[in-house]
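First up is the structure itself, then whatever we jot down about it.
The values are calculated or read from the model by the stated rules, or taken from the named source; none is laboratory data. Bear in mind the structure is a predicted one, so any value in this text is a computation, not a measurement. In this analysis, Cβ positions are derived from the backbone assuming ideal geometry, glycine residues included, and neighbour counts consider all displayed protein chains. Surface accessibility is based on the protein's heavy atoms, side chains included, excluding ligands, DNA and RNA. Shrake-Rupley method; radii C 1.70, N 1.55, O 1.52, S 1.80 Å.
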Amino acid sequence: MASHVIDEINRCLQCAKPACRQGCPIHTPIPEMIRLLKEHRLNEAGEMLFDNNPLSLICSVICNHERQCEGNCVLGRKGNAVQISTIEHYISDTCLDNMQIKCLPDNGIAVAVIGSGAAGLAGAIQLARLGYRVTIFDSKDRIGGVMQYGIPEFRLPKSILERFKDKLLELGVRIRLNTTIGNALRIDNLFRDDYRAVFIGTGVWRPRTLGVKGESRGNVLFGIDYLANPRQHNLGQTVAIIGLGDTAMDVARTSLRHGAQHVTLYGRTNRIGASTEQMNYTQLDGAEFEFGKQILEINEQGPLFRQLILDENGNACGELPELLQVQADSVIIAVSQGPRRRLVDTTKGLEIDEKGFLVVDENGQTSLPMVYAAGDVVTGPRNVVQAVAGAKRVVAAMHQK
Ligand code: SF4
């Protein structure tokens with residue numbers, strides 16, 4: 001690993017206009033990170049990464065680097081891009097636990113953060129660093145949101161999230177787990193209890209349905225529900241997964257690790273929503289892909305598809321006369337998620353758009369004064385780094401108020 005990291009930092013050209021940085025949603029100063037490491041200033045590199053992106057360690061593991069920093073590295077045009085993720089991981093992993101995080105003095109202002117996924121976690125850290133008294137509320141029994149309950153251990157070791165929990169406590173953040181805002185406690189109660197502002201980062205937990213007959217059958221599950229606790233589900237040997245995105249890949253790989261023998265992902269087109277890396281690993285793990293399959297219903301045997309003929313662009317241009325009845329022990333639907341309505345239903349005046357996402361202004365303020373939101377609950381499902389970038393912008397705006 002060490003020699004690999006050294007080789008990679010030595011390959012970097014230190015571009016004056018670094019395309020890698022442009023390709024990063026949170027504009028990580030990549031040449032600077034590499035320069036500091038080459039100068040043996042590891043701790044400075046770690047602090048610089050944390051300042052820019054408090055979830056740098058997590059992003060170094062699960063970001064879609066091929067579409068972001070590494071996909072934009074100039075060396076990738078004619079050969080191999082610098083392995084930026086490996087370098088960032090080495091620095092952030094080495095530095096996180098012992099890093100002395102600089103904070104402004106306590107300003108006495110309490111802020112409530114609802115949700116501890118990527119946006120909530122990043123928002124809480126940023127607010128604490130600015131001197132706010134932060135309390136996180138999360139309905140689950142561990143922090144991390146989808147990073148904890150939706151991304152499998154083999155992709156993101158949960159020990160990393162525990163290290164972030166320690167960091168939060170070190171920053172003086174209070175964490176109330178198993179506490180749902182929008183149940184016994186509501187946003188009104190938070191203002192009653194002297195919180196000056198509320199930051200919502202509740203993510204997307206409501207599975208999108210297919211709208212076909214059979215979705216409530218006993219042989220069917222939603223992907224996000226399966227991933228929350230795979231050991232509790234007995235899927236049998238043959239698993240049919242509807243969807244080609246990241247969640248579908250995670251479901252496939254997890255089910256293979258839990259005893260499934262034949263796992264197939266079905267898509268209406270051949271457009272894969274997941275990263276190429278994720279898809280390649282899913283294939284390596286043993287899953288298969290079937291394209292041009294339009295789901296019509298799910299019955300006791302498994303999914304029933306209309307078979308589409310795809311043109312060279314992957315668009316449907318016809319269909320075969322016969323339907324395809326797939327035999328599967330379990331069917332898992334993994335075609336994206338939307339937000340739950342608990343906060344909206346219990347908070348007068350909290351506006352959502354037609355898809356259920358919170359409506360915010362350019363500062364991330366919702367339709368209610370001093371109630372802000374960031375992450376997937378605003379944008380729809382995105383990746384961790386985009387949620388962190390959004391949270392960072394919103395916290396900066398909150399701090400200006
Ligand atoms: Fe280094 Fe590649 Fe970034 Fe240029 S684009 S600074 S070579 S990592």
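From the residues in the range 350-396 that are of a type in the set (K, R) and part of a helix (DSSP H, G or I), which one is nearest to G145 (Cα to Cα)?
Of everything passing the filter in the range 350-396, K392 is nearest to G145 (Cα to Cα).
If you go through the range 1-14 and pick out every residue that is assigned to a helix (DSSP H, G or I), more than 9 Å from the ligand (Cβ to nearest atom) and open to solvent by 80 Å² or more (accessible area, probe 1.4 Å), you end up with 3.
Please work out if G245 is touching a residue at least 60 places away in the same chain (Cβ under 8 Å), open to solvent by 10 Å² or more (accessible area, probe 1.4 Å) and closer than 24 Å to R382 by Cβ.
Against the criterion (touching a residue at least 60 places away in the same chain (Cβ under 8 Å), open to solvent by 10 Å² or more (accessible area, probe 1.4 Å) and closer than 24 Å to R382 by Cβ), G245 qualifies.
Of the residues making up the range 382-400, none is in contact with a strand residue (DSSP E or B) (Cβ under 9 Å, 6 or more places away or on another chain), in contact (Cβ under 8 Å) with a residue 24 or more places away in the chain and open to solvent by 60 Å² or more (accessible area, probe 1.4 Å). If the condition is being open to solvent by 40 Å² or more (accessible area, probe 1.4 Å) and either within 18 Å of G76 (Cβ to Cβ) or near the ligand (Cβ under 10 Å from one of its atoms) (or both), then the range 26-60 contributes E32, R35.
Residue count for the range 304-349, restricted to those that are surrounded by 14 or more Cβ atoms within 10 Å (Cβ to Cβ), charged (D, E, K, R) and assigned to a loop (DSSP other than H, G, I, E, B): 2.
Results for (1) out of contact with any Gly (no Cβ under 9 Å at 6 or more places or on another chain); (2) modelled with pLDDT of 95 or more; (3) open to solvent by less than 30 Å² (accessible area, probe 1.4 Å); (4) not aromatic (F, W, Y), shown as yes or no for each residue.
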| site | (1), (2), (3), (4) |
| --- | --- |
| I175 | yes, yes, no, yes |
| T179 | yes, yes, yes, yes |
| L185 | yes, yes, no, yes |
| D188 | yes, yes, no, yes |
| D193 | yes, yes, no, yes |
| R196 | yes, yes, no, yes |
| F199 | no, yes, yes, no |
| L210 | yes, yes, no, yes |
| K213 | yes, yes, no, yes |
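Among the residues making up the range 82-114, those that are among the polar types (S, T, N, Q) and buried (at least 16 other Cβ atoms within 10 Å of the Cβ) are Q83, S85, T86, S92. In the range 68-94, the residue that is nearest to the chain's Cα centre (by Cα) out of those that are part of a loop (DSSP other than H, G, I, E, B) and more than 8 Å from the ligand (Cβ to nearest atom) is Q68.
The test for being within 30 Å of K140 (Cα to Cα) and buried (at least 16 other Cβ atoms within 10 Å of the Cβ) holds for G117.
Of all residues in the range 15-36, those that are part of a loop (DSSP other than H, G, I, E, B) have Cβ atoms under 8 Å from Cβ atoms of residues that are open to solvent by less than 20 Å² (accessible area, probe 1.4 Å) and acidic (D, E), 6 or more apart or on another chain, in T28/E88. Close Cβ contacts (under 8 Å, 6 or more residues apart or on different chains) running from residues in the range 120-144 that are more than 16 Å from K167 (Cβ to Cβ) to residues that are assigned to a helix (DSSP H, G or I) comprise K140/Q148; K140/Y149. The helices (runs of 4 or more DSSP H) located wholly in the range 151-270 that include 1 or more residues which are under 30 Å from S92 (Cβ atoms) occupy 158-170, 223-228, 246-257.
For G259, are the conditions met, namely being in contact with a helix residue (DSSP H, G or I) (Cβ under 6 Å, 6 or more places away or on another chain) and on the phi > 0 side of the Ramachandran plot?
no
Among the residues of the range 294-320, write down those that are small (G, A, S) and either free of Cβ contacts under 8 Å to residues at least 40 places away in the same chain or touching a helix residue (DSSP H, G or I) at 6+ places or on another chain (Cβ under 6 Å) (or both). Residue satisfying the conditions is G318 alone. Quick one: W205 ticks every box in (1) surrounded by 18 or more Cβ atoms within 10 Å (Cβ to Cβ); (2) at pLDDT 95 or above except a single one, so which number is it? Here W205 clears every test but (2).
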